[in-house]
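In what follows, a single structure is set out as structure tokens and then discussed.
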Amino acid sequence: MSENLLKVQPIRNGTVIDHIRAGRGRKILDILGLSKSGTTISLLVNVQSKKQKRKDMIKVEDRELDENEIEKLALLSPNARVNIIRNYAVAEKKEVKIPSFISSIVHCPNENCISNNERGVSSNFKLIDEETHQIQCTYCGRKIEEDKLNFL
């Protein structure tokens, strides 16, 4: 039985993103630009989980996520966990939740929206449904489902 266990090397410093919704790991790597960071990255896909049945997991060595990246992660996989690792130990644990106000992260799909046509105007959205993760543009009122998000 022990030969069937998955073994992943621990990291000295960096970030572990755990409890990612199954199948979202690759998209998170792309949206956050982690693949281009030049550091070692481990992506585990469809790992068994007691809480979610299946999950993805990402380990990034020698890099900590900033708040903007954590907000993007929240839109891609709400309820994920971010663990900051320092000297082989968990230094910080952050639960990822979609913020009630989102600024300069997502592009409004309405071509006529002021956020797409005026210089210096950043996109702003508010969370209107926590269960379905639906957000709404504060300028034009366009609602966006989580699977239709287009990140800046």
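Return the only residue of I28, I41, I17 being touching a residue at least 60 places away in the same chain (Cβ under 8 Å), under 29 Å from I135 (Cβ atoms) and either touching a Phe, Trp or Tyr at 6+ places or on another chain (Cβ under 9 Å) or not hydroxyl-bearing (S, T, Y) (or both).
Only one candidate passes the filter, namely I17.
Residues are listed down the side, and each one gets a yes or a no for (1) in contact (Cβ under 8 Å) with a residue 60 or more places away in the chain; (2) small (G, A, S):
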site	(1), (2)
M57	no, no
N79	yes, no
A89	no, yes
K97	no, no
C113	no, no
N116	no, no
G120	no, yes
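Name, by its number, the condition in (1) hydrophobic (A, V, I, L, M, F, W, C); (2) open to solvent by less than 60 Å² (accessible area, probe 1.4 Å); (3) over 30 Å from P10 (Cβ atoms); (4) in contact (Cβ under 8 Å) with a residue 40 or more places away in the chain that does not hold for L75.
(3)
I'm trying to understand the selection: among the residues of the range 40-72, which are β-branched (V, I, T) and surrounded by 14 or more Cβ atoms within 10 Å (Cβ to Cβ)?
Those that are β-branched (V, I, T) and surrounded by 14 or more Cβ atoms within 10 Å (Cβ to Cβ): I41, V45, V47, I58, V60, I70.
Quick one: in the range 116-149, which of the residues that are part of a loop (DSSP other than H, G, I, E, B) and under 20 Å from the mean Cα position of the chain (by Cα) is farthest from I98 (Cα to Cα)? Can you show your working first?
First, the residues of the range 116-149 that are part of a loop (DSSP other than H, G, I, E, B): 118-123, 130-133, 138-142, 145, 149.
Still in the running and under 20 Å from the mean Cα position of the chain (by Cα): 123, 130-133, 145, 149.
Values: S123: 16, E130: 8, E131: 11, T132: 11, H133: 8, E145: 13, L149: 13 Å.
Per the criteria, the residue is S123.
The values are calculated or read from the model by the stated rules, or taken from the named source; none is laboratory data. Keep in mind that this is a model prediction, so the values were computed, not measured. Note: ideal-geometry Cβ built from the backbone for every residue, glycine included; neighbour counts use all protein chains shown. Keep in mind that these areas ignore ligands, DNA and RNA; they rest on the heavy atoms of the full protein, side chains included. Shrake-Rupley method; radii C 1.70, N 1.55, O 1.52, S 1.80 Å.
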